[in-house]
Amino acid sequence: MARFSDEMLSRAEELVALYPDPRSATIPLCHLAQEQDGYVTNEAMAHIAELVGSTAAEVQGTASFYDMLKLEPVGRYVIGVCTNIACMLRGAYELLENAEEVLDVPVGATTQDGLFTLEEVECIAHCDQAPAAQVNYRYFGPLDRQSFESLVSKLRSGELNEEVPPHGTLIRIRREAPAVIPMEEIDRNRAGEAE
Amino acid sequence: MTDRIVGARLHYEDSQTLERFLATGGDQGLRKALLELTPQEVADQVTTANLLGRGGAGFEAGRKWSMLRKAPRRYLVINGDESEPATFKDHLLVENDPHQLVEGATIAAYAIEASFVVIYLRGEFALGLERVQQAINEAYARNALGRSIFGSSFSVDIVLQPGAGAYICGEETSLIESLEGKRGFPRIKPPYFPAVIGLYGEPTIVNNVETVSNLPWIVQHGGEAFKELGQGRSTGTRLFALSGQVRRPGPYEVEMTKITFRDLIFDQEYGQGLDPGRELLAFIPGGVSAPWFFPEHLDIPLGQDEVAKAGSMLGSGSVIVMDDSSCPVRSAWRIARFFARESCGQCTPCREGGAWIDKILRRIEEGEGRESDLDLLLDLCDNISPGIKWPPAQTTICVLGPSIPPSVNAAIQHFRDDFLIHIKEGRCPHA
């Protein structure tokens with residue numbers, strides 16, 4: 001566990017091969033690690049460093065900068081209620097209070113059963129559906145207490161399994177394309193055209 | 001008359017599919033570019049069109065391309081890290097017309113003869129990432145990407161990169177750092193443009209999603225046709241994102257300069273006005289970095305120069321409406337808090353100043369403020385952006401810090417009484 005499994009490793013290697021510099025795969029690989037373990041573990045960061053040719057400290061330096069990359073376990077569903085200006089003007093803080101009551105956890109905490117983590121997030125670009133929230137980065141809105149309750153119960157019952165996959169933003173993303181053209185070949189063609 | 005360019009397909013239920021794309025002119029711009037025009041001719045059309053960057057800064061796309069340092073290897077990065085509060089147009093375009101984005105990116109790659117293209121999308125756009133990757137896959141399958149595209153001598157790859165949640169990565173040098181696997185720290189200028197030193201130290205063009213989504217149309221119809229829309233420097237159309245306390249928030253693509261803020265907010269075709277009995281308190285014309293506008297600004301047309309002349313900016317094209325049930329102290333606080341949270345922490349004025357402004361506004365909002373706080377807030381703003389003028393002066397590496405004062409200053413100047421009631425009476429007059 002924690003280092004990439006064989007299947008994840010082959011996906012990781014495919015991602016690394018896409019870039020002129022393997023370090024560019026650092027963030028995508030952090031997303032993969034999160035998909036595997038629910039968060040980015042120390043072991044995963046060490047493994048990512050091996051794969052992209054940096055150090056575990058550098059990977060941690062990067063990972064700790066970004067809101068989506070979790071360095072500690074989170075719930076199966078990470079619910080982010082947006083409270084930025086457009087949502088706030090349409091009742092986001094009331095929604096956030098309701099969310100705390102419905103889930104019975106304060107912002108930042110995970111429910112006892114490990115199912116939900118509640119976050120207050122910055123603008124998620126869903127402003128015409130304000131107040132909005134994201135669940136594992138799938139968007140919902142406009143939400144009030146009633147529709148939030150119904151969202152939570154659907155998540156509990158598994159009714160939204162199709163719409164809201166487990167954590168990990170790359171979970172359904174597969175590149176289907178030939179290997180990227182080596183930079184040298186592009187350079188050579190360009191030089192050939194110039195002659 | 002054309003009033004829909006980038007959003008032309010959005011009214012179809014299946015706008016994201018390849019079938020709809022191909023049935024509605026898809027690929028035609030790219031074919032024309034690759035098979036009939038030289039890269040320079042494509043760039044010339046874009047210069048003629050006077051296409052202004054749609055990300056926020058409004059820099060001429062053709063001019064940006066022309067600044068590219070001559071080097072054998074050069075990169076194109078598409079900026080889809082849309083996170084400016086209340087901006088949701090790129091979110092819409094990546095989810096609902098991903099093929100147009102890929103076509104536009106490929107045209108841009110051809111025009112600048114890019115060796116490699118990355119589409120960097122905000123990590124939170126899970127559905128958008130899926131759809132853009134599918135569009136990329138389908139482009140390879142029909143030879144619209146990869147080696148010898150459509151039988152031409154042009155070859156290029158597009159790779160999709162997810163961000164991971166950081167507003168600052170919308171700043172182009174920060175985005176490049178992130179793309180190199182690092183923390184999203186904006187780079188010290190000069191060089192001012194990645195066109196000189198960008199990704200992996202090579203010349204790089206960073207273009208916004210909406211900007212390149214205009215390219216298929218421009219190539220197909222010509223730069224002149226684009227320029228005929230709008231007036232002055234504001235050509236073509238823009239996808240405005242209307243949000244806040246308006247009856248029908250939404251994305252509205254309109255010809256530049258042809259309608260006013262009053263039309264956008266109140267017209268039946270657009271925002272349909274405020275809730276019954278409400279009055280307009282203020283609105284922000286172009287994302288939360290912009291100085292606020294008030295009812296007396298309603299008749300300003302939606303144009304780059306028109307808004308600039310009135311002391312604000314069209315920015316990212318997001319218009320936020322506040323009615324008189326909202327508290328301006330609270331709105332200013334929430335905007336300041338956003339910047340405080342999203343400061344990357346490199347520069348002291350932004351990191352410390354932002355945090356203090358957040359704290360002070362919050363205590364005023366909660367009825368714990370002091371009268372001296374107003375001067376203190378303005379002093380902090382002045383330290384971040386000397387003179388608190390527009391466009392803002394800068395003491396920091398990037399413009400995130402200088403984006404804090406406009407809202408704070410606008411709120412204090414126009415709603416001083418509201419602040420004083422919070423401070424003296426410990427209550428909010430809007431509650």
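The table below gives the values:
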read-out: Residue satisfying condition, being closer than 27 Å to A:ALA92 by Cβ and away from chain A (no Cβ under 11 Å), within set B:GLU253, B:GLU269; value: B:GLU253
read-out: Complete set of residues in segment A:1-44 that are away from every other protein chain (no Cβ under 12 Å), outside any loop (DSSP other than H, G, I, E, B) and over 14 Å from the mean Cα position of the chain (by Cα); value: A:ASP6, A:GLU7, A:MET8, A:LEU9, A:SER10, A:ARG11, A:ALA12, A:GLU13, A:ASN42, A:GLU43, A:ALA44
read-out: Helices (runs of 4 or more DSSP H) completely within segment B:1-66 that count 3 or more residues being without any contact (Cβ under 8 Å) to a residue 12 or more places away in the chain and buried (at least 16 other Cβ atoms within 10 Å of the Cβ); value: none
read-out: Residue within segment B:107-121 that is closer than 21 Å to B:LEU18 by Cα and of a type in the set (S, T, N, Q) present; value: no
read-out: Strands (runs of 3 or more DSSP E) contained entirely in segment A:100-140, each with at least 3 residues that are under 16 Å from A:ARG156 (Cα atoms); value: A:116-121
read-out: Residue satisfying condition, being in the same structural domain as B:SER155 (by TED's automatic domain parsing), over 29 Å from B:PRO391 (Cβ atoms) and of a type in the set (Gly, Ala, Ser), within set B:GLY29, B:GLY58, B:GLY62, B:GLY104; value: B:GLY29
read-out: Some residue of segment B:329-341 being among the small types (Gly, Ala, Ser), within 23 Å of B:LEU298 (Cβ to Cβ) and in contact with a Leu (Cβ under 9 Å, 6 or more places away or on another chain); value: yes
read-out: Residue match in segment B:147-160 (condition: under 21 Å from B:PRO194 (Cα atoms), at pLDDT below 95 and buried (at least 24 other Cβ atoms within 10 Å of the Cβ)); value: no
read-out: Members of segment B:109-122 that are within 10 Å of another protein chain (Cβ to nearest Cβ), touching a helix residue (DSSP H, G or I) at 6+ places or on another chain (Cβ under 7 Å) and assigned to a loop (DSSP other than H, G, I, E, B); value: B:GLU113, B:SER115
read-out: Qualifying position, being more than 9 Å from chain A (Cβ to nearest Cβ) and at pLDDT 95 or above, among B:SER312, B:SER318, B:SER326; value: B:SER312
read-out: B:VAL206 being farther than 30 Å from A:LEU89 by Cβ, among the aliphatic types (A, V, I, L, M) and crowded, with 24+ Cβ neighbours inside 10 Å; value: yes
read-out: The listed residue being within 23 Å of the chain's Cα centre (by Cα), surrounded by fewer than 22 Cβ atoms within 10 Å (Cβ to Cβ) and within 30 Å of B:ILE188 (Cα to Cα), out of B:ASP305, B:ASP263; value: B:ASP305
read-out: All positions within segment B:177-235 that are within 14 Å of another protein chain (Cβ to nearest Cβ) and either part of a strand (DSSP E or B) or hydrophobic (A, V, I, L, M, F, W, C) (or both); value: B:LEU179, B:PHE185, B:LEU199, B:THR204, B:ASN208, B:VAL209
read-out: Odd one out for A:ARG156, checked against (1) more than 10 Å from chain B (Cβ to nearest Cβ); (2) basic (Lys, Arg); (3) in contact with a helix residue (DSSP H, G or I) (Cβ under 6 Å, 6 or more places away or on another chain); value: (3)
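The values are calculated or read from the model by the stated rules, or taken from the named source; none is laboratory data. For clarity, every value in this text was computed on a predicted model and none was experimentally measured. Don't worry about glycine lacking a Cβ; one is built from the backbone with ideal geometry, like all the others, and counts go over all protein chains shown.
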